[in-house]
Amino acid sequence: MSAIRFLTAGESHGPCLTAIVDGLPAGLPIDTSLIDRDLARRQGGYGRGGRMAIEKDHIEITSGVIGGKTTGAPVALRIENRDWENWREHWAVGDLPALTVPRPGHADYAGMIKYGLPDARPILERASARETAARVAVGALAKQLLAEFGITVGSYVERIGAIKAQIPDLPQAELWTLAETSDVRCPDVDATVRMRAAIDAARTAGDTLGGTFAVIATGGPAGLGSHVQWDRRLDARLAQALVSIPAVKGVEIGDAFENATKPGREVHDEMFPDNRGNVTRITNRAGGIEGGMSNGSPIVLKAAVKPIPTTLTPLRSVDLATGQSARTEYQRSDVCVVPAAAVVGEAMVAFILADALIEKLGGDSIVEMKR
Ligand SMILES: Cc1cc2nc3c(=O)[nH]c(=O)nc-3n(C[C@H](O)[C@H](O)[C@H](O)COP(=O)(O)O)c2cc1C
């Protein structure tokens, strides 16, 4: 069983999002401005839709933190949906706009069939990635725990549609700083310009774009996760966490796909003694994980994000109310969510690493963990 766990609740246009995080150690100082900062980072990114102009996400902690520190009790988080005011009356009487023509690529069709519903509205209200705001808040708590142990998690965008960045050969922290100054969260300044242009072209064409992002964790110890059972493997846990993000359809650990094309001697990260008698490496193609355990090198994960399903130009579908061919109707939507998905990716990775760290160190308080 996991050392920490969380659940979220809340609909896209309901009053609020809620998360409960259970298992955080006592005595962890919580800075809510760091949570708000990550919420704002998730809301940003060139290519987001009109909703982001309405929402200004802000965290409220309603349990588990007293005097700015965790108590060991479940931490309850709440983020208000500002858009709720526009939906309040419809919500009360249940006359929300119906959607009977499922959008290919969204949860609409499978959800209507699974739950026996004539209208996809209840499905899309929960399937909407608005829920990822709650995950980002949870991840921001996990990052604060990791920071106590010198572990940092960051991300950047590597590709949007056909535009692939050339990631500069710079120290990790500098790449993150560059990504923060790019509105597509890409450390390649030239690619940033071309990515923006690609998003503009997709918007003009009434289309959407996907891409890839990398999440990197530095400063962690060797030995998180374990080789002894499938569900204790760190790579497996991280992959599940990333694929659980809406629209993320692929995960790569280190240079996995390139490694698959090369012979072993060009892939495995050879080891050398350093001058203090420790092991050092000059490559990290394994992405910091061997045998389901962290090996002390930076943990490097990449994720593929599909182009989001709601397109301004309609797609062919079927009206399930009539059984006739129909075109999808446009719902207010984003054009490209790769920069935002990268921030959600950081949160999910931070959560899994925090879980693995608590599992490894044990203890009910930060003091015990450090001991
Ligand atoms: C941050 C973020 C924002 C998203 N915004 C939209 C959106 O505005 N419109 C849309 O159709 N899909 C959006 N998506 C993707 C859908 O939520 C997702 O494709 C859908 O729930 C179906 O799940 P699946 O793609 O994982 O199969 C977004 C995803 C993320 C991570």
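Since every read-out is calculated from the coordinates, none of them should be taken as a lab result. Values in this document were obtained by computation on a predicted structure and should not be read as measured data. As a convention, Cβ positions derive from the backbone with ideal geometry for all residues, glycine included, and neighbour counts pool all protein chains shown.
Tabulated data
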quantity	calculated
Potential extension, ALA321-ASN284 segment - 0.36 nm per residue separation minus Cα distance	7.9 nm
Label-zone membership for the stretch 235-258, site SER2, 7 angstrom Cα→C-beta point, backbone N under 14 Å	236-245
The stretch 118-124 - phi-based ³J(HN,Hα) in whole Hz, Karplus 6.51/-1.76/1.60, Gly and Pro as x	x, 9, 7, 3, x, 5, 5
For LYS302, LYS360, order by how many other beta-carbon atoms lie within 10 Å, fewest first	LYS360, LYS302
Nonlocal amide H pairs with ILE59, under 5 Å, H built at 1.01 Å	ASP36
Long-range amide H partners of VAL318 with built H, under 5 Å	ALA326
FRET efficiency estimate (nearest 0.05) - Cβ-Cβ, SER63 to ARG37, R0 22 angstrom	0.50
Out-of-range pairs (alpha-carbon distance over 29 Å; input LYS69/LYS360; LYS56/LYS164; LYS114/LYS360)	LYS56/LYS164; LYS114/LYS360
GluC sites (Glu not before Pro) within the stretch 259-310: DSSP coil, no more than 12 neighbouring Cβ in 10 Å	GLU270
Relative contact order of the stretch 202-254, defined on C-alpha pairs under 8 angstrom at six or more residues apart (%)	16
Protection-proxy order for peptides 329-340, 13-24, 117-128, 86-97, each taking the mean of Cβ atoms within 10 Å per residue, highest first	329-340, 13-24, 117-128, 86-97
Per-pair calculated FRET efficiency, R0 = 25 Å: LYS306 and ALA260 via Cβ, rounded to 0.05	0.70
Rounded if a/c under 1.5, otherwise prolate or oblate - the stretch 118-205, Cα gyration tensor axes	oblate
Interchain or long-range residues, amide H under 5 Å from ARG82's placed H	LYS56
Those lysines that a straight Cα-Cα span of less than 17 Å connects to LYS249, excepting residues fewer than 8 apart in one chain	LYS302, LYS306
Sparse-neighbourhood loop sites, trypsin sites (Lys or Arg not before Pro) in the stretch 256-299 - DSSP loop, at most 13 other Cβ within 10 angstrom	ARG276
Distance in nm between pseudo-label sites at ARG332 and ASP200 (7 Å out along the Cβ direction from Cα)	2.5
Karplus-derived 3J(HN,Hα), 6.51/-1.76/1.60, for each residue of the stretch 89-97, Hz, glycine and proline x	5, 5, 4, 4, 9, x, 9, 5, x
Per-residue HN-Hα couplings for the stretch 192-198 [Karplus 6.51, -1.76, 1.60; θ = phi - 60°; Hz; x = Gly/Pro]	4, 5, 6, 5, 4, 5, 5
Most positive-pole-ward Cα, ALA73, PRO273, GLY287, against dipole of the chain from beta carbon charges	GLY287
Stretch gain in nm, segment ARG88-THR313, where the contour uses 0.36 nm per residue and the Cα spacing is subtracted	78.1 nm
